[in-house]
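Quick note: the coordinates plus some simple rules give every number you see, no bench work behind them. Treat the numbers as computed from the prediction; the structure is a model and nothing was measured. Here the Cβ positions follow ideal geometry from the backbone for every residue, glycine too, while neighbour counts run over all protein chains shown.
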2 protein chains.
Amino acid sequence: MSKKNKLRIIPLGGLGEVGKNMMAYEFGNDIIVVDAGIMFPDNDMLGVDYIIPDFQYLVKKAGNVRGLIITHGHEDHIGAIQHFIEEINVPIYATPLTRGLIEGKLLRNNSQHKAQFKTIQAGESSNIGQFKVEYFHVSHSIPDAVSLAITSPAGLVIHMSDFKFDQTPVDEWPTDFGKLSELAARGVDLLLSDSTNAERPGWTPSEQIIGPAFNKVFAEAKGRVIIATFASLISRVQQVADAAAKTGRKMAIAGTSMVDNVKVARKLKYLEIPDEMIVPIEQALNMQDHKVVIMCTGSQGEPSSIVGRLSAGTNRQFDLKPNDTVVLSSHPIPGNEEAIGKTINRILRRGADVIDDKIAPIHVSGHAAQEEQKLLLNLVRPKHFMPIHGELRMLKRHAKLAMEVGIEKENIIVVENGQVVELVGKKIMLGERIPGDYVFVDGESIGDIDHDIMKERSQLARNGILLIDISLDKRSGRLLHEPEILTRGFVTPEEAETLLPEVRKRVMQAVNGGGFSSEKDLINTIRSYLHQETKRRPMVLVTLSKA
Amino acid sequence: MSKKNKLRIIPLGGLGEVGKNMMAYEFGNDIIVVDAGIMFPDNDMLGVDYIIPDFQYLVKKAGNVRGLIITHGHEDHIGAIQHFIEEINVPIYATPLTRGLIEGKLLRNNSQHKAQFKTIQAGESSNIGQFKVEYFHVSHSIPDAVSLAITSPAGLVIHMSDFKFDQTPVDEWPTDFGKLSELAARGVDLLLSDSTNAERPGWTPSEQIIGPAFNKVFAEAKGRVIIATFASLISRVQQVADAAAKTGRKMAIAGTSMVDNVKVARKLKYLEIPDEMIVPIEQALNMQDHKVVIMCTGSQGEPSSIVGRLSAGTNRQFDLKPNDTVVLSSHPIPGNEEAIGKTINRILRRGADVIDDKIAPIHVSGHAAQEEQKLLLNLVRPKHFMPIHGELRMLKRHAKLAMEVGIEKENIIVVENGQVVELVGKKIMLGERIPGDYVFVDGESIGDIDHDIMKERSQLARNGILLIDISLDKRSGRLLHEPEILTRGFVTPEEAETLLPEVRKRVMQAVNGGGFSSEKDLINTIRSYLHQETKRRPMVLVTLSKA
């Protein structure tokens, strides 16, 4: 059991879904990285645009990193590539559609010149450093997704990224059962697998059930149909096109990212939509309402998306009409339920109709549910199992499923991001913890805000701010004039009228009464007074000048 | 169709669930009010403790208000009573348990002396002004709940508050089918009914399914069982006590409100728990772990609840142990999913186990689902139907269900809070809109914060604040000394080091360069500079003094 044969498996990121946005495999002096995606901020991460994993560990060993392998083209797997290649510019291994989607994204962010690609195909393999990586097809809610069989001297590891066992997917390309069986026959030392739906019993329905639901909605809608989904949900675009053709509607696409993605997918033949089926949005807006389907983003209630703006009446190019039917073709991402609910209420208030996945089967998950997860475990019969792609509660649930199908408890390892796992001598064990957390992106550059800033924002958000500006006479230490008091987010103008003169009085007493020793004391005095009067605790700041 | 025979139905509050927290019925000079509850703030209502309906319309007509009828003892129906009776002190009609729970709550808030009660019983009726109000029993997730048949010269109206058709409820007291049939035989002019679960197909399961699930969890748990639920979910307490007795555990209750509520319910015989089954929490903490069940609050992930504190390791009286099993006996209220998910992850991280309603049937809803809603409509066969207790999307869904069972579209009316509905000449129609919105409660008194303050808080929360303090020479208008710059929630100390000197320089240029005309101009200059440099938009404030 020499140290030379140690494979280190390193999930990167903060407290989010383990190894989903970035995972590294390290053997000797070779590191391969799988996926580089973003996370969306929680509701209490105030003002954060998005989050990327902290990959300082990899930056320090940048000379050992041999490649970045991307399993599929969703944001949570590709969104951080632009930041990654700024620091570690290695070849990006991706299938044709995934590559096309990444290129589009890099182009929109002006980073396309930095990327070097190696196009791969399901069924092929690459030798990267001491790793042999075999790519095999999995069905997911985007075409051309792959998972990985990673062979190193430490053994054979399967990295099962986002997948489902759809027997009748839209692209007619199911998950590669044959390859899984072949790998099982070789003997799999460790299986890592997607836990997203580990809390969902049963079997995720096939994408095929969406077709009839779309046909019905399209046929029954009196006016326009507006379909909102994710810009990267390419298979859904095919289904909309098919239903539009069947019901005598033309299809228009609104929004840059979706337009770009569809263009790439059509060029590469992952979408089969005849030219005459697609009309520019400007033309669609002048057609008869019942002849039109508009596809756009905003199914998660994002205020800045097209559906978000339509619901608020602030979309520039077009507005909702009372006969419109808005279809939200997605399922709420946890944390978005409230925003989506409000968006639906707003659309209904504007007179249009809304159909979501509670009303009709117009969405299915792209991830395996419990029965599929158990099937995978039984197909592969791995020696060891490590659930990934989930928060702790999903991983624990997935671990329980694995025990149910007979994997021994001691052969299952559940860790969170930052905890290294080692495969050595055909055994798995905990390695060291590496530093690393979320990196928040707000505005221009990465890492400009941290947990301390978030704490200050949260304090400002809860109770607002009160500002005291005092000018002292250099010699006497007494006030030169009355203190200026400003507040934001704290009290109404009516309340301020009675409260602020009292605050001013207390500041003057504290300063001129001789009791003024420091700004800190003054802040404490005013804070307790404000809490006593209002039971609220605004942030109190003092600016002091002497003349 | 004289004006004299007009019944006005007035749902009060903001954009929340229609008529859930407060509803008024006005006929001539008589007004009765049904329920006075609170709402919990949305995630974007920063710093708000809770929300009550704006009832200024009623305050203006206080002389006409004859009574406040409370349908059951949940917070969203009783939580605003203390504020209501401050302004409109009329008799409160409530069943014994509901009255007991209200009294406990008023006592905790020192408002008990103001309340005058009239105790009612299901099966009885009251004449209040020109109204005759008949109370009939409904099963819900709290015992002693009633709904109302309200007769006025305008006709017979059924106000169906929170209910379900549980055939085997814990208190063995199902919804009064006989009364509903009797009312139907009399002819119901208008049915108002609970829409909470209008998006949920099928039939809500009976509370009875929880018993076996509890028995299993209690029997299998190696250590303590900690059950979190709502303080007012009295039936759940009975079920926990029963399962504890069956599995040889004693029960302890932690938390003032739950202790109070259980005391009231036991005294009034709505809970049948032998004395020897209940032990004080201090005693429970010294018993063998597998002999104990602790009930407490916190099933919604509230950080200040006992389970919230246990998950964070900040509970004073006791801490989590690795063998503990925490049971979250409730379903996420929309908007709380993220907080609950994080709480579960934290508990698991501390080594305890968690069981929620995804894992075992340890919770059922207290509200009728679609099949029950249709059954009610078919039982009552009302002339008109008005869905209540739901956001717009649930009301619209409920309206569709009503059409499915044969109520004509023109006899269904869907409105939001503030929109008066009139029943006159046996017809329903829209009345006027009355002013009214949410009243936010933050800290001591009500209505101290408004939408403007919320907007300021939201701006502070997104990007923080930058503060510029300048002192000018009275005569020359030039700076007396370098401006002071403070930030909170905006940039990290490292970023501040390079950014703030540049800001200072620009302030000095703007003021001393002769281009300084107003604080507003200065703010704009700095705002654009900050946005150009960081792509963020902090709030910028200037304090200016002259000497």
Quiz item: Can you pull the three principal axis extents for the Cα set of the stretch A:256-327, in Å, largest first?
Solution: 36, 28, 20
Exercise. Just report the Cα centroid separation between the stretch A:528-547 and the stretch A:47-71, whole Å.
Key: 43
Quiz item: Taking amide H positions as placed 1.01 Å from N in the peptide plane, with prolines and chain starts having none, which residues 5 or more places from A:Leu156, or on another chain, fall under 5 Å of its amide H?
Solution: A:Asp189, A:Leu190
Quiz prompt | Computed log₁₀ I(q)/I(0) - Debye formula, equal Cα scatterers, no solvent, the stretch B:1-113, q 0.11, 0.21 Å⁻¹ | solution = -0.36, -1.16
Practice problem: Could you order peptides B:427-436, B:202-211, A:160-169 by the average number of other Cβ atoms within 10 Å of their residues, highest first? | Solution: A:160-169, B:202-211, B:427-436
Exercise. Under 25 Å Cα to Cα from A:Lys474, which lysines show up? Leave out anything in the same chain fewer than 8 places away.
Key: A:Lys505, A:Lys520, A:Lys546, B:Lys474, B:Lys505, B:Lys546
Quiz item: Among A:Val279, A:Ser257, A:Gly301, which residue has its Cα positioned farthest towards the positive end of the charge dipole of the stretch A:207-355, with +1 placed on the Cβ of Lys and Arg, -1 on the Cβ of Asp and Glu, and the dipole taken about the Cα centre?
Solution: A:Val279
Quiz item: Distance in nm between label sites at A:Glu432 and A:Lys263, each 7 Å beyond Cα in the beta-carbon direction?
Solution: 4.8
Quiz item: Expressed as a whole number of Å, what is the distance separating the alpha-carbon centroids of the stretch B:441-467 and the stretch A:463-482?
Solution: 24
Practice problem: Return the long-range amide H neighbours of A:Ile226 (sequence gap of 5 or more, or a different chain), with a cut-off of under 5 Å between placed amide H atoms. | Solution: A:Ile294, A:Thr325, A:Val326, A:Val327
Quiz item: How would you classify chain A from its alpha-carbon gyration tensor, with a ≥ b ≥ c the square roots of the eigenvalues: rounded for a/c under 1.5, else prolate if a/b is greater than b/c, otherwise oblate?
Solution: oblate
Quiz item: Under 18 Å from the 7 Å Cα→Cβ point of B:Lys455, by amide nitrogen: which residues of the stretch A:464-497?
Solution: A:464-465, A:487-496
Quiz item: Dipole of the stretch A:464-546, Cα-centred, from +1 at each Lys and Arg C-beta and -1 at each Asp and Glu C-beta, to the nearest 20 debye?
Solution: 340
Practice problem: Taking the dipole about the Cα centre of the stretch B:207-355, with the C-beta of Lys and Arg at +1 and of Asp and Glu at -1, give me whichever of B:Thr229, B:Gln317, B:Ala339 is farthest to the positive side. | Solution: B:Gln317
Quiz item: Quick one: of the DSSP bridges fully inside chain B, what percent are antiparallel, nearest 5?
Solution: 50
Quiz prompt | Cross-link partners of B:Lys60 among aspartates and glutamates (Cα-Cα below 18 Å; sequence separation of 8 or more within a chain) | solution = B:Glu26, B:Asp30, B:Glu86, B:Glu87, B:Glu432, B:Asp437
Quiz prompt | Semi-axis lengths, Å, the stretch B:207-355, gyration tensor of Cα atoms, sqrt of 5 times eigenvalues | solution = 22, 17, 15
Quiz prompt | Value at 222 nm in deg cm²/dmol, rounded to 500, when DSSP H runs of n ≥ 4 in chain B each add -39,500 (n - 2.57) | solution = -9500 deg cm²/dmol
Self-check item: Nearest-0.05 FRET efficiency for A:Ala360 and A:Thr256, computed from C-beta distance (R0 30 Å)
Solution: 0.55
Exercise. Compute the FRET efficiency between A:Gln167 and B:Phe177 as 1/(1 + (r/R0)^6), taking r as their Cβ-Cβ distance and R0 = 60 Å, and round to the nearest 0.05.
Key: 0.85
Quiz prompt | Inter-site label distance for A:Arg186 and A:Lys118 at 7 Å from Cα along Cβ, in nm | solution = 1.6
Quiz item: If you look at just the Cα atoms of the stretch A:352-507, how large are its Rg and its Dmax in Å?
Solution: 28.9, 85
Quiz item: In debye to the nearest 20, how big a dipole does the stretch A:282-375 give about its Cα centre with +1 on each Lys and Arg Cβ and -1 on each Asp and Glu Cβ?
Solution: 320
Quiz prompt | Phi-based couplings in Hz for the stretch B:164-170 (Karplus 6.51, -1.76, 1.60; Gly and Pro marked x) | solution = 9, 9, 6, 7, 9, x, 4
Exercise. For the stretch B:29-43, take each phi angle, set θ = phi - 60°, evaluate the Karplus expression 6.51 cos²θ - 1.76 cosθ + 1.60, and give the result in whole Hz per residue in order, putting x for glycine and proline.
Key: 9, 10, 10, 10, 10, 10, 6, 8, x, 10, 10, 8, x, 5, 4
Quiz item: Mean separation of Cα pairs under 8 Å and 6+ residues apart, divided by the residue count of chain A: what relative contact order is that in percent?
Solution: 16
Self-check item: 5 angstrom amide H check on A:Ile128, placed H, neighbours 5+ away
Solution: A:Val133
Quiz prompt | Extension reserve of the A:Asn109-A:Ser517 stretch, reckoned as 0.36 nm per residue once the Cα distance is removed | solution = 141.6 nm
Practice problem: Compute the convex hull volume of the Cα atoms of the stretch A:464-546, divide it by the residue count, and report the result per residue in Å³ as a whole number. | Solution: 78
Quiz item: So, with +1 on the Cβ of K and R and -1 on the Cβ of D and E, and no other charges, what is the size of the charge dipole of the protein assembly as shown about its Cα centre, to the nearest 20 debye?
Solution: 380
Quiz item: How high is the FRET efficiency between A:Asn5 and B:Ile333 when r is their beta carbon distance and R₀ equals 45 Å, given to the nearest 0.05?
Solution: 0.30
Practice problem: Quick one: P(r) of the stretch B:126-203 from all Cα-Cα pairs, 10 Å bins, percents rounded to integers, in order of increasing distance. | Solution: 18, 46, 30, 6, 0
